[in-house]
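Report on the structure given below.
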There are 2 protein chains.
Amino acid sequence: MSFQAPKGTFDWLPPRSERVLAVREALVAPLRLAGYGYVETPVFEDTELFKRGVGESTDVVSKEMYTFPDRAGRSLTLRPEGTASVVRAVLQHNLHTGQLPVKLWYSGSQFRYERAQKGRYRHFWQVGAEALGSEDPALDAELIVLGARGFASLGLRQVRLLVNSLGDKNCRPAYRAALQEFLRGLDLDEDTRARIEINPLRVLDDKRPEVQAQLTGAPLVVDHLCAACKSYHEEVRSLLTASGVAFEDDPRLVRGLDYYTRTTFEFVHGGLGSQSAVGGGGRYDGLSEMLGGPPLPSVGWALGVDRTYLAMEAEGLLDEAAPGRVQVYGVPLGDDARRRMFLLVSELREAGISADMAFGGKGLKGAMKGADRSGARFALILGERDLAAEAVQLKDLTTAEQTEVPLAQVADVLKGKVQ
Amino acid sequence: MSFQAPKGTFDWLPPRSERVLAVREALVAPLRLAGYGYVETPVFEDTELFKRGVGESTDVVSKEMYTFPDRAGRSLTLRPEGTASVVRAVLQHNLHTGQLPVKLWYSGSQFRYERAQKGRYRHFWQVGAEALGSEDPALDAELIVLGARGFASLGLRQVRLLVNSLGDKNCRPAYRAALQEFLRGLDLDEDTRARIEINPLRVLDDKRPEVQAQLTGAPLVVDHLCAACKSYHEEVRSLLTASGVAFEDDPRLVRGLDYYTRTTFEFVHGGLGSQSAVGGGGRYDGLSEMLGGPPLPSVGWALGVDRTYLAMEAEGLLDEAAPGRVQVYGVPLGDDARRRMFLLVSELREAGISADMAFGGKGLKGAMKGADRSGARFALILGERDLAAEAVQLKDLTTAEQTEVPLAQVADVLKGKVQ
């Protein structure tokens, strides 16, 4: 028997893993330039944090969390999303008592026990950003622009941005009541009828055609926004337009977590099968208070690193051949040559040239095969006779051209060739 | 009430978090230059993987694992170390049937339910490297050199390297028997006597003075190495010497995991309290077979990112003031100025200049305080009159010198000043 990764999880391996690291860096780069600082929180938290912060009625909390007791009986949960942890850290360490907004980014795995399918795994990798402690439409717009810039910097052209406003504690209750009244008149199954009473907005998100068909005339939150929410939303939209970031108003856009207020948005892509979101977020002005903190109006997003990679694949952006693992590969023949090659390769690395060599006592043929497979542009062949002459054979693996170079000059000669 | 990070865990927050990211990058850089490729495995694995791969008799497996069932009843465990997961991934994806050695690096959190103390947490962040599928002393030496280079590149001068050989399946049984015989004659408590029968090497690692006092005459594995292990170890030592990497022979060095054979090493630092290891590793030639795979002689290490940070702190390497969060900070006065500043700041970021601005409708005083706290070198002040003149006031926050710059030229002017 042999072991497998747990169901619904996966490994990133070279050369794909190198590209997914580059995807992560590209999504983070705009955040760094905008003064967002890095935060790393533990992979698990007190279970109660997510029950309160994400909402007991959500699928995430009721069906999808990995929850377990530690050896002292504390209930812990692998984080199903990043925002509740970040707000917890900000409150615990009193960051909210300093300059506002507090701008933070994070990157890491999150965990939901979902049905495994393409683009949906039980652990997934996100880059997230949160701006905490300011109610300012420019901050909502800033985050959306930074997300869009990240996708654009990867060459993605088919990411669509959907925006909506969910209103606030002043106008949402009336909308909620109007929506409930409408939904109660429809022909729905028992589970969905129960959802009407707990979280009617989520019914709008039901993907089943028989449900969608009945939702045509449903009241829309945009038609129920109070004046403050309306002008806030207009300002976000107008800053996006001024920034040249294309978006579509989606009056049906709601999100699966309970804490969103006002601005809500999603980045979607057509190449991901049934899961179209590559990222999303919104404003969550009430979350801090739900967690026992002071009022701390905030906005944030999370972008899926794995899904962004899949979107790039769908757009044919990953077609070029994988880059070489190293630039130079050492082929030593004999024990003394092996020892000298070890030092030579080490010297090249110190000079910033990536280099590997044949290990395990391989002969010329096996070692040259290793050179080919490494993707190196140059091989350094060192036999006993070369060693006596204090020189090495430098072979260009593209042209098969071979020249002798004194050992003492190899690093300098290669520096000119590999840059 | 408010929430706290779970006991024994911690958050990394700015500005320390930025430095710990830099520490991680510095430890990884030598690996990239040596052709190690990135691997990311799930945070949890089948529990049986660690029972078999780490060893049921170890403290890690018997006392320190976070183990829990998923919703389908599978027993999962948060990874307590990285090697077993990497070997599992290599076998599952058949990487071992290609070019050998397979060279991989990883970075991420690991989890052990230990007594919380300085430098020892229940989650910890490691950078790890594994070279799988070759039995070659040069590979052991390469990894040790790459680890030492990583520490040195951070300016650390007090990291000591301890090396030992634990023998192999040919010579270790005889040594084990000799050690058991010696230990059975000592005055030890019942738990320790039980350990003699299961894993006598671990008794050598017992830190209690009353135990250490009795171990003076214990047989040492170096005196029992077979000829093959002896010459292998000599070759590793001589390559380290030739590479200029200082080390100390430590004939008592054993490690807490069951899978090590031959080369064993630890990087230790005096500034970390009772936990002195900042990294360590060794050869694990039998691990693949323990996991149901073919023979795959391998060597690897893991370096503690959090502990390396603490070691740098102990050596006073983190004393300089934190760098600014951004280079430029925008101070808009009035609504129209705010909208224009939003676009200006966005333009600066696109030009590679890090920039932030005051959010939340702050007045001049509050906004200038934000500029100071951001650590920016320059403030851009934009009032209604400036806006009418299509210009902005550029203030050097170090010298308080202020000049007017046309809006269209701000990015160009700043590019010259912040590089």
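As a rough footprinting exposure proxy, the listed residues A:Trp105, B:Trp12 were ranked by other beta carbons within 10 Å of their own, and the order from fewest upward is B:Trp12, A:Trp105.
Judged by a Cβ-Cβ distance under 4.7 Å, the unpaired cysteines of the protein assembly as shown are A:Cys229, B:Cys229. In this simple spin-label approximation, A:Leu343 and B:Glu197 carry label points 7 Å from Cα along the Cα→Cβ vector, and these lie 5.3 nm apart.
What is the sum of charges around B:Leu162, taking Lys and Arg as +1, Asp and Glu as -1, for the other residues whose C-beta is under 10 Å from the C-beta of B:Leu162? Local net charge: -2. With contacts taken as Cα pairs under 8 Å and at least 6 residues apart, chain B reaches a relative contact order of 15 percent. In this rough spin-label picture, where each label sits 7 Å from Cα along the Cβ direction, the A:Asp70-B:Glu313 distance is 1.9 nm. The rotation axis that maps chain A onto chain B passes nearest to the beta carbon of this chain A residue, listed with its distance in whole angstrom: A:Phe68, 2. Shape class for region B:1-121: oblate, because the ratio a/c of the largest to smallest gyration tensor axis (alpha-carbon atoms, square roots of eigenvalues) is 1.5 or more and b/c is at least a/b. Per residue, the Cα convex hull of region B:207-254 amounts to 86 Å³. What the phi angles of region A:85-92 give under the Karplus curve with 6.51, -1.76 and 1.60, with θ = phi - 60°, is a coupling list of 5, 5, 5, 4, 5, 4, 5, 4 Hz, glycine and proline written as x.
Here the peptides B:149-159, B:295-305, A:290-300, A:238-248 are ranked by packing, the mean other Cβ count within 10 Å, and the order with the highest first is B:295-305, A:290-300, B:149-159, A:238-248.
Across all Cα atoms of the protein assembly as shown, the radius of gyration (one decimal) and Dmax (whole number) stand at 29.5, 93 Å. For chain B, the orientation-averaged shadow of the C-alpha convex hull comes to 27.3 nm² (one quarter of the hull surface).
Counting Lys and Arg as +1 and Asp and Glu as -1 over every other residue whose Cβ lies under 12 Å from the Cβ of B:Arg112, the net charge comes to +1. How much of the DSSP beta bridge set in region B:328-418 is antiparallel, as a percent to the nearest 5? Antiparallel bridges make up about 55 percent of those DSSP assigns within region B:328-418. Put simply, the amide H of A:Thr261, placed in the peptide plane, has neighbours under 5 Å in A:Arg283, A:Tyr284, A:Asp285, leaving out anything fewer than 5 places away on its chain.
Rounded to the nearest 5, the antiparallel percentage of DSSP beta bridges internal to chain B is 80%. What the Cβ-Cβ distance of A:Ala218 and B:Ala400 gives, at R0 = 60 Å and to the nearest 0.05, is a FRET efficiency of 0.55.
By the helix-only formula, in which each DSSP H run with n ≥ 4 contributes -39500 (n - 2.57) and the sum is divided by residues, chain B has a 222 nm mean residue ellipticity of -11000 deg cm²/dmol.
Counting beta carbons within 10 Å around each of B:Val23, A:Val405 and listing the fewest first gives the order A:Val405, B:Val23. Shape of region B:328-418 from the C-alpha gyration tensor: rounded (a/c under 1.5, with a ≥ b ≥ c the square roots of its eigenvalues). Region B:327-349 and region B:164-188 have their alpha-carbon centroids 71 Å apart.
Does region A:291-332 come out rounded, prolate or oblate, given a ≥ b ≥ c as the square roots of the eigenvalues of its C-alpha gyration tensor, rounded meaning a/c under 1.5 and, failing that, prolate meaning a/b above b/c? Oblate, since a/c reaches 1.5 and b/c is not below a/b. Considering only Cα-Cα distances, which of the following residue pairs are longer than 24 Å: A:Lys369/A:Lys395; A:Lys63/A:Lys230; B:Lys369/B:Lys417? Beyond 24 Å between Cα atoms: A:Lys63/A:Lys230.
Tilt of helix B:16-33 relative to the longest C-alpha principal axis of chain B, in degrees (0 to 90, nearest 10)? Rounded to the nearest ten degrees, it is 60. For the options B:Gln214, B:Gln402, B:Gln110, a Gaussian network treatment of chain B with springs between C-alpha atoms closer than 10 Å singles out B:Gln402 as fluctuating the most.
Other residues whose C-beta falls under 12 angstrom from the C-beta of A:Gly370 contribute a net charge of +4, scoring Lys and Arg +1 and Asp and Glu -1.
Karplus-derived 3J(HN,Hα) values for region B:404-416, using 6.51 cos²θ - 1.76 cosθ + 1.60 with θ = phi - 60°, are 8, 10, x, 3, 5, 10, 4, 4, 5, 4, 5, 4, x Hz; glycine and proline are entered as x. Using a 7 Å projection from Cα along Cα-to-Cβ, the label point at B:Gln393 is separated from the same position in the remaining copies by 7.3 nm, smallest value first. Per-residue Cβ neighbour counts within 10 Å put B:Asp356, B:Asp306, A:Asp250 in the sequence A:Asp250, B:Asp306, B:Asp356, beginning with the fewest.
Within 10 Å of the Cβ of each residue in B:84-93, the mean number of Cβ atoms contributed by other protein chains is 3.
Values quoted throughout were computed directly from the atomic coordinates according to the rules given, and no laboratory measurement underlies them. Since the structure is predicted, the reported quantities are computational estimates derived from the model, not experimental observations. Cβ coordinates were reconstructed from backbone atoms using ideal geometry, including for glycine residues, and neighbour counts include every protein chain displayed.
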